[in-house]
1. At 0.36 nm per residue, minus the direct Cα-Cα distance, what do Tyr131 and Leu78 gain on full extension? Give it in nm, one decimal, please.
2. To the nearest 10 square angstrom, how much accessible area does Leu110 have with a 1.4 angstrom probe?
3. Hey, what did the range 196-322 get for relative contact order, percent, Cα under 8 Å, at least 6 apart?
4. Where does the charge balance sit around Glu244 when Lys and Arg score +1, Asp and Glu -1, over other residues with C-beta under 10 Å from its C-beta?
5. Running a GNM on the chain with Cα contacts under 10 Å, which residue among Val283, Val107, Val264 ends up with the highest mean-square fluctuation?
6. Would you work out the charge dipole size for the range 206-286 about its Cα centre, treating the Cβ of every Lys and Arg as +1 and the Cβ of every Asp and Glu as -1, and quote it to the nearest 20 debye?
7. Taking Lys97 as the anchor, which aspartates and glutamates have their alpha carbon closer than 16 Å to its alpha carbon, excluding any fewer than eight residues away along the same chain?
8. Net charge around Leu56, counting only other residues with Cβ within less than 9 Å of its Cβ (Lys, Arg = +1; Asp, Glu = -1)?
Amino acid sequence: MTDWRTAPPPLPSLCRGPEPARIDNVLVGTASWTEKTLLASRAFYPPSVTTAEQRLRYYARHFPVVEVDATYYALPSLENARRWAERTPPDFVFGVKAYAALTQHPVEPLRLDKDLQQALPEKLRREKSVYARDVPPDVLDQIWLRFAAALAPLESAGKLGYVLFQMPRWFIPSRESDAYLERVAERLAGFRVAVEFRQSGWMTERRVPRTLDFLRATGLVYVSVDEPQGTAGSVPPVAAATSEALSVIRFHGRRVETWTRPGVSTTERFRYLYRPEELRDWVDRIRDLAGKSRQVCAMMNNCYHHYGVENAKDLAGLLAAA
């Protein structure tokens, strides 16, 4: 039997009115507005909406927040940040994923700025991917500086909601990890930095208070997650606020069979359409976070076809009705 949550979807009309999904201080959105299968589905953007500018303007009619995913793969550009700020309403905000080198993921040297490529040792320039620990300190310093500088147009426009540091599964709880997150907070002082763990050890029942106290003391935002449970790396769905300014929740779907399987594409990993009752479980928790932080961003990362935008509208409707 075909599983309705993972089958190719019909093409429903998702245009349920142009009002953004904003419920009091809760902003609901998705983790991408240009994901390939969303564009191919033709379920959200009208046929006349074909350019990058048109898509972002149309998206912003329906949602008050979005994440930028491309900044994980390559350093953002000042010009793109200016365009994003210009093409969205005054109260629209962006979550921006930190560049991979900053979250201890491998990066592709060919995606670096040309001068940074040339500053790498010849051996590293020939590699398909390299880790930040192998990059010369002066090059890494430039990466930090350029990443932050490129976000200036969003920050000055009041549209930089948060910078997302999605840490890898090998980023385990340790003194070294704590020290690294402290350096992140120092490097990006003035920005709201949100930290998402992909290693379950950070949020075991015994360690939860220590992890949350550390983030609170360091000025970092804990990213609450809804993700597949039952794997060695599953982070439990703990809803917690560590900042009076902001709370973030990210919904990754619950497709257990692909969550930790090697070689699975991101499209397949997050291909999951939430049932209304699964989203309803979060309504009270989101309301609780909204009473502890001035702003809450609830982000759908189940970016496959129309799943993310449909579930974002579903969640906004449930919150509005609560």
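The values are calculated or read from the model by the stated rules, or taken from the named source; none is laboratory data. Note that the structure is a prediction, hence the values are computed from the model and not measured. Neighbour counts are summed over all protein chains in view; Cβ atoms, including those assigned to glycine, are modelled from backbone coordinates with ideal geometry. We work out accessible area using only protein heavy atoms, side chains counted, and drop any ligands, DNA or RNA first. Shrake-Rupley method; radii C 1.70, N 1.55, O 1.52, S 1.80 Å.
1. Numbers: separation 53, 0.36 × 53 = 19.08 nm, distance 2.46 nm.
Answer, rounded to one decimal: 16.6 nm.
2. Only protein atoms counted, so the area is about 140 Å².
3. Values: 208 pairs, mean separation 28.9, N = 127.
That works out to 23 percent.
4. Numbers: positive: Arg216, Lys292, Arg294; negative: none.
Net of charged neighbours comes to +3.
5. Highest fluctuation of the listed residues: Val264.
6. Details: 13 positive and 10 negative charges, 48 e Å.
Computed charge dipole of the range 206-286: roughly 240 debye.
7. Within reach: Glu35, Glu67, Asp69, Glu155, Glu196.
8. Values: positive: Arg55, Arg57, Arg83, Arg87; negative: Glu53.
Residues near Leu56 contribute +3 overall.
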